[in-house]
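A quick write-up on the structure given underneath.
Quick note: the coordinates plus some simple rules give every number you see, no bench work behind them. Just so it is clear, the model here is predicted, and its values are computed rather than measured. Reconstructed Cβ throughout: ideal geometry from the backbone, glycine too, with neighbour counts over all protein chains shown.
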Amino acid sequence: MIENILIAGAELWSVGTLLLMALGVVAGLIAGAIPGFTIAMAVVLVLPFTFGMSPVQGLGTMIGVYVGGLSGGLMSGILTGIPGTPSSVATTFDGFPLARGGKAGLALGVGVWASFFGGVIGAIVLVLVAPQLARIGQEFQPWDYFALMAFALTVTASLAGENMVKGLIAGLIGLLVATVGEDSVVGVPRFTFGVNSVQQGFAFLPVLVGLFAFSRLLADVRDSESAKGNLGAKSDASIRINHLVAATEVLKRWGNLVRSSLIGVFTGVLPAAGSSISNILAYDQARKYSKTPEKFGTGHLDGIVAPEAANNATAGGALIVMMALGIPGDIITAVMLGALLIHDVVPSPTFITEQPVIAYAIFIAFFMANFMMLALQSVTLRGFVRVTQVKMYMLASVILFYCALGVFALNNVEFDIWTLFWFGVLGFVMSALGFPIVPVILGVVLGGIAENALAQVIALSDDPTHFVTRPWSLFFIVLGLFSSFFHVYQRQRGRKRWTLVFIPAMCICLSVPVAMMDGIVRPVLAALLFVGGLYLLYQRHREGWVVMTEDQGEAPTIAEGGP
Amino acid sequence: MQRLNRDTIVAIILLALCGVFFYVSFDIRTPEFERLAPGQMDPGLWPRIILSGLVLMALIYLAQSVISPPADQEERGGLGGWYRHYRNPIHCFLAFGAFMLLIPYLGMLLAGMLFVFGMMTMLGGRERWLIGTHATVSVCTVGGMWFIFACLLSVQLPRSSLFPDAEEWLLVNICGISEAIGGLFAAAPRACAVILV
């Protein structure tokens, strides 16, 4: 282990890699500071530049963008009241009033330091938990692996938003796109319709950039008013941060800091529940635990610490899932998995064991990126404020060209630019028709991996009962079934009677496969799950299966745009 | 008769596409050697599993759209209204299409500059001072990125077939100058060391 850490550290501690990571952090900070530009888009746009790099350099750069983006959003959120990214929505609740009250420097300083501490706590949890989870990954057989992929695909239902069917259709379209070209098992061309260029299948990057960035940029310039708008009009470029005061203020709120960071990590581990949710959850909890909840929304420092610590810690949670199980926890880790594939590293539950150098490099890079973010955000704050004043149409025009250049550089093939174009059209049309884009990307990333796992299953045995007799496979099937309906549960929680049974039923059902596992700890855990489920049922029964009326249910919540 | 709503039309198109793909999936040729390996998965199996799921979901979507049609569909006022609503994205797609068609003739650098300039002028306005700004931004941003890819990363970007000499001249001179500067920087520490010693 120490040997691997040293090799990974040596790769990362070169001047070139450090510079690239710093550039990544700056790119992330800029993207995060621009309202409408998501972190995922920034990571996607940086991806083409990483081809010429080693996997460690490339991933280090992308982690820099990820961490930078998570923190960059706070700048526009605090200074203009428009969150740069969805992950800093809750930061604006208190950050903007504080800045408007003449304390913009303090608000930014507290935000920067809370981001830093949140990121470091996330990194510590990542280092401690991921290797333990990865040991479990070594027990996986192809049946378990296929069930894991199926479970990851049920995430599409959670990503669908309002309409689950549209989300599932989008996910299936992504899977279908991944089947185009030669199949990976026997090399037979599929769905090429006689076009030779499609023989090799669609390259991942043009599909990703087309679906996500291209369509998004065009949506941003759809009407002339938003196209000509300044991104962050009235920011004051002469703001100063007193770091000592800001860091002290954050550390004084250590309880809120640790709680929010852990909420962030936990949310990151849950598939599809990213930093856009964690910052609101943490804000909500901070307000509930506060002795002065009435101050929230008026420029309370706790209201900045909670969301900023949570959103940076979420990255640690998402990376835990990516590294330990080889499945994406959110869209950004989905892109990173794609980047690993481009560098011929196949993500799987054995990733940490098989690629220890890359794995430890990710750990170290995540730590380092947080320190770089702190330093760079402080130094270049004024510049970022100016970037938010660029007009949208200028950015869109230049970035569209960069997209084309970047995807061409992948294979030096002009067909990739056409792929970018057609998937841009597809992404735009799908968005306009109300289909979510993220499930398509998830489908494209996981399609090939799931097919290979299925091919292994079929090659090993034609007995489908293995899926329910193997504990891990059954575990993921049960989890997948519940995960498919989780967003419906979240929407109707407490308003419909069936939602009272959902969590207890999930605990009891999950206890079955866990009880089937070897050892002592897991059967004990199964017993706890079973007893916990029964206890919850008993509690609901004692409360008389009470549900909220429609009026009670419609009470405004923080998640719906409060306070 | 009630007008078909947008979701119904989309569901029908999806079902039709699924039909086409299903039909084509039966044309996927099973290789000769696969018959010798009975455990091998049929290359058409996985796509057909996906298509089955897609058909099922499209049917549910169709049923949803018929039983409870979306209440607040925006009225765009026919084809003209639809065009007005999506004018900017349509123009951007057309501009990008033109850019791709121009690449073989003008090369990545010139076609890129024209594309960025055209897009900015189309979206941002045609006032004289704006045109100057757009021209400067397009030359600097496209030129800068071209320099990074062509000179620093040594990527073979598409060359112009109409002005091959001009592009060759740019490549040789600009990349040559950058190489010379890079060489100077590389040699500087050694030179300093030699002088000091």
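Protection proxy ranking for A:204-212, A:501-509, A:19-27, using the average of other Cβ atoms within 10 Å per residue and placing the highest first: A:204-212, A:19-27, A:501-509.
For A:ALA286, what charge total do you get from the other residues with a beta carbon under 12 Å from its beta carbon, if Lys and Arg give +1 and Asp and Glu give -1?
Its environment carries a net charge of +2.
Here chain A is treated with +1 on each Lys and Arg Cβ and -1 on each Asp and Glu Cβ, and its dipole about the Cα centre works out to around 1640 debye. Selection among A:VAL209, B:GLY143, A:MET506 by position relative to the dipole of the protein assembly as shown gives A:MET506 as farthest towards the positive end (Cβ unit charges, Cα centre). For the residues of A:173-181, the average number of beta carbons from a partner chain within 10 Å of their own beta carbon is 4. Sparse packing (at most 12 other Cβ atoms within 10 Å of the Cβ) combined with a DSSP loop state is found for the following chymotrypsin sites (Phe, Trp or Tyr not before Pro) in the range A:1-61: A:TRP13.
For peptide A:8-14, what's the mean number of Cβ atoms from other chains within 10 Å of each residue's Cβ? Before the final figure, lay out the partial values.
Values: counts 0, 0, 0, 0, 0, 0, 0.
Mean shielding count: 0.
Fewest-first ordering of B:LEU171, A:LEU474 by other beta carbons within 10 Å of each residue's beta carbon gives B:LEU171, A:LEU474. With contacts taken as Cα pairs under 8 Å and at least 6 residues apart, chain A reaches a relative contact order of 24 percent. Cβ crowding within 10 Å ranks A:GLU451, A:GLU249, A:GLU308 as A:GLU249, A:GLU451, A:GLU308, fewest other Cβ atoms first. Note on the range A:2-453: semi-axes of the ellipsoid equivalent to its C-alpha gyration tensor, largest first and rounded to whole Å, are 34, 25, 20. Taking amide H atoms as placed 1.01 Å from N in the peptide plane, the amide H of A:ARG190 lies under 5 Å from those of A:GLY181, A:GLU182, A:ASP183, each 5 or more residues away in sequence or on another chain. Can you list the lysines whose alpha carbon sits under 29 Å from that of A:LYS295, skipping same-chain ones fewer than 8 residues off? Straight-line reach from A:LYS295, under 29 Å: A:LYS103, A:LYS234, A:LYS252.
Grab the other residues whose beta carbon is less than 15 angstrom from that of A:PHE401, score K and R as +1, D and E as -1, and report the net.
Neighbour charge sum, excluding A:PHE401 itself: -2.
Within straight-line reach of A:LYS288, meaning a Cα separation under 16 Å, there are no lysines at least 8 residues removed in sequence or on another chain. Here the Debye sum runs over all C-alpha atoms of the protein assembly as shown as equal scatterers in vacuum, and log10 of I(q)/I(0) at q = 0.06, 0.08, 0.09 Å⁻¹ comes out as -0.38, -0.70, -0.90.
By definition, a body whose alpha carbon gyration tensor gives a ≥ b ≥ c is oblate when a/c is 1.5 or more and a/b is not larger than b/c, and the range A:445-536 fits this oblate description. Neighbouring Cβ atoms from other chains, within 10 Å of the Cβ of residues in A:454-460, number 4 on average. Of all lysines in the structure, the ones whose alpha carbon falls short of 16 Å from that of A:LYS228, not counting any fewer than 8 places away in one chain, are A:LYS391. As a size descriptor, the averaged projected area of the C-alpha convex hull of the range A:378-451 was calculated at 8.1 nm². Each of A:ASP344, A:ASP223, A:ASP284, A:ASP416 was scored by other Cβ atoms within 10 Å of its Cβ. Arranged with the fewest first, they read A:ASP344, A:ASP223, A:ASP284, A:ASP416.
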